[in-house]
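To start, the structure itself, in structure tokens.
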Amino acid sequence: MTSPQYSDIVATNFSSTSDTSRTSCHLLFVSGDEKRLMEAKVERDGGDEPHKVQNAHPNFNSSGSTAITYMFPHTAIEDRAIFYMRGDDEDTILRQYWTSGKGWSTAEPLSDEDKAIKVGDDAKIAVVTTGENKYTLYATNRDNRVVELTGPKFGHHGKEHWEHRLVVVDGVELATHLESSLAVAKNGMRYLLAYMDKDHVLRLAVRDGHSGHYTSKGVIHGASKKTPLAIAARPGGSPNGEPAFSVFYHKVGSKRHEITEHLVSLILSEGPTFSTSVELSGISASAVKHEPSDHWRNPGIRVFSVSNLDGVDTLFQYVRRGRDKKWVIPAGLIITKS
């Protein structure tokens, strides 16, 4: 599959789906020329031509945060939900659905009994699908506390309701910085949350089940203070049977803005690295189906990151390939300037 040629993109604002029952994923990004919200389906060796997200809010925050996820996980249905920040200092998360035969719904704010839920301006968003058209979102509020939003639920009058509560880790409300990234992934019933605390230390926390508090899972040393974060579940778990994850982040002090993979199971260890030439590049990771049986050594994970190509911010896809399982860029670019 050939890779499309398109426009330069906003290097900090893109996201991708994760679903280990699928061999492809969907990528959501912002074009840098006209600040359009775009989407593309991506296979292992390239992507479809990107399409504009219809009915997007005209004043969305193009440099803010986006999240995309499938509405019906572990099925062949490609219906999906996207979440992104509204612009104009509105502090509001917008939501749209793409459904088969209907296309994109109109952008609407997350609301509780018809009242828009407010988070921090420029808040980073992380999302997982917890059931059929049910989601858990994480974002930083105006008090620099991380809030968990779960929904939607609908009452007798058809009004939408999202449960919202502060995230607690080891009995303490999670405090961070508004500009700091968050990442979350689910592997079975285990959730892994990655965040930069108020002292700019990259920390991990885990939870078993859809509700309850998190417990600390340790610290990742050597991360840049402004690092973006991404997590992908590792299919098949670890050799000891524990649910396993890969956490991706920017390493501090590296000239080529090294992206490091941190393996999370019972044992924490660093994995292979690769680099980007764009200092503030975001990172997104997708867990997808991988056919060979050796899932632990070569899980179906793709990583998206931006590098500068001939003066243009260009989005690349990285996959593991070869006997040594090194990260490589497959046959071409994902999105670049025409």
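The values are calculated or read from the model by the stated rules, or taken from the named source; none is laboratory data. What you are looking at is a predicted structure, and each value in this text was computed from that prediction instead of being measured. Positions of Cβ are generated from backbone atoms using ideal geometry, with glycine treated the same way; all protein chains shown enter the neighbour counts. These area figures cover heavy atoms from the full protein model, side chains too; ligands, DNA and RNA do not enter into them. Shrake-Rupley method; radii C 1.70, N 1.55, O 1.52, S 1.80 Å.
What the table shows:
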read-out	value
Rg in Å to one decimal, and Dmax rounded to a whole Å, for the stretch 86-157 via C-alpha atoms	13.0, 41
ASP310-HIS161 pseudo-label distance in nm [points 7 Å out on the Cα-to-Cβ vector]	5.6 nm
Relative contact order (percent, whole number), the chain, Cα cutoff 8 Å, 6+ residue spacing	16 percent
In nm, spacing of pseudo-spin labels at PHE154 and GLU279 (7 Å Cα→C-beta vector)	4.9 nm
Isotropically averaged projected area of the stretch 19-134, using the convex hull of Cα atoms (one quarter of hull area), nm²	7.8 nm²
Tensor-based shape of the stretch 9-61 (alpha-carbon gyration tensor, a/c under 1.5 rounded, otherwise prolate or oblate)	prolate
Under 12 Å, Cβ to Cβ, from VAL206 - net charge with Lys/Arg +1 and Asp/Glu -1	+2
13 Å beta-carbon shell around GLY87, net charge (K/R +1, D/E -1)	-4
Fraction of accessible area attributable to carbon and sulfur, the chain (%, probe 1.4 Å)	48 percent
Semi-axis lengths, Å, the stretch 33-100, gyration tensor of Cα atoms, sqrt of 5 times eigenvalues	23, 15, 10
For the stretch 115-191: rounded, prolate or oblate by the Cα gyration tensor [a/c cutoff 1.5]	oblate
Ratio Rg/Rh [Cα only; Rh per Kirkwood] for the stretch 86-128	1.02
About the Cα centre, charge dipole magnitude for the chain (Lys/Arg +1, Asp/Glu -1 at Cβ), debye	840 debye
Computed FRET value (nearest 0.05) for ARG142 with TYR97, which takes r as the C-beta separation and R₀ as 22 Å	0.20
Debye-sum result for the stretch 93-251 in log10 I(q)/I(0), which assumes one identical scatterer on each alpha carbon, at q = 0.08 Å⁻¹	-0.25
For peptides 82-89, 101-108, 243-250, sequence by mean Cβ density within 10 Å, most packed first	243-250, 82-89, 101-108
The chain: equivalent-ellipsoid semi-axes (sqrt of 5 x gyration tensor eigenvalues, Cα, Å)	27, 24, 20
Nitroxide proxy distance, nm - points 7 Å out along Cα→Cβ at ASN240 and ARG321	3.4 nm
Proximal charge balance of SER100 [Cβ under 12 Å; K/R count +1, D/E count -1]	0
Sequence-separation-based contact order of the stretch 118-172, relative, with Cα cut under 8 Å and 6+ spacing, percent	25 percent
Residue-normalised accessible area of the chain, given per residue in Å² at a 1.4 Å probe	43 Å²
Per-residue ³J(HN,Hα) for the stretch 37-48, Karplus 6.51 cos²θ - 1.76 cosθ + 1.60, θ = phi - 60°, Hz, x for Gly and Pro	7, 10, 9, 8, 8, 10, 9, 4, 10, x, x, 5
